[in-house]
Amino acid sequence: EEGNQEKTTIGVVKDFHFGSLREPIKPLVITKIQEAKGEILVKFEKSRQREAIVALEKIYKTIMPDAVFTYNFLDEQNAKQYKQEQQWQKLVNIATFLSLIICCFGLLGMARLSINQRIKEIGVRKVLGASVSQILTMHTTNFLKLIVVAFVIAAPIAWWTADYWLQNFAYRIELSFWLLAFAGAVSLLIGTLTVSFLAVKAANASPVKSLRTE
């Protein structure tokens, strides 16, 4: 009777995720069950996926020729847990792109209006020896101040929204200051390029035409 007793081997492994990242890692016991459950887990190289499926189907049909061979991928099952986040990501990307286009057009319109109102001033400054870079700085500085003010208002809201969303996950990244700094730098760059396009065009125009403009 002692010879028929099965030995029980207990091993401890590092914690790993077997559920959603919204939930903390729970206790898990992995046991060896003699009864067949009708499915197996196989790990293979992704680059040899087709070869692996063909080989598995061949073995499966050899053992159980009358059974239906079906399979699915564990990474796809895990991805379904974050389908809502993926949909939100697409929505946010589209909204960000549209907002960026609208803001650029709005900034372009404001810059055009400002330059047209100061077209004679630009001509006078050029006659008095002002360089293109000086005129460019004069126009871009005011708009960059507006962008900085808008960023100061929007940054805390964006930070709070992102932090609030991350609270839904048991395991998450920590927000870093450099993310806001990067977003601010990109905003300033886009604003500078948008305004500079019209400012350089106005600065390179003939001062005679500018002074004749009524």
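The values are calculated or read from the model by the stated rules, or taken from the named source; none is laboratory data. In this text, all values refer to a predicted model and were calculated from it rather than measured experimentally. Glycine gets a Cβ as well: all are built from the backbone with ideal geometry, and neighbour counts include every protein chain shown. Surface accessibility is based on the protein's heavy atoms, side chains included, excluding ligands, DNA and RNA. Shrake-Rupley method; radii C 1.70, N 1.55, O 1.52, S 1.80 Å.
List of remarks:
- Subset of the range 55-79 (residues that are part of a helix (DSSP H, G or I) and loosely packed, with under 10 Cβ neighbours inside 10 Å): Thr62, Ile63, Asp75, Glu76, Gln77
- Of the helices (runs of 4 or more DSSP H) lying entirely inside the range 116-209, the ones with 1 or more residues being of a type in the set (Asp, Glu) and either open to solvent by less than 50 Å² (accessible area, probe 1.4 Å) or closer than 30 Å to Trp88 by Cα (or both) are found at 132-166.
- Condition check for Lys14: among the basic types (Lys, Arg) and either surrounded by 10 or more Cβ atoms within 10 Å (Cβ to Cβ) or modelled with pLDDT under 80 (or both): no
- Count of residues meeting criterion [open to solvent by 100 Å² or more (accessible area, probe 1.4 Å) and not in a helix (DSSP H, G or I)] in the range 44-54: 1
- Residue tally, condition open to solvent by 60 Å² or more (accessible area, probe 1.4 Å) and aliphatic (A, V, I, L, M), over the range 80-115: 9
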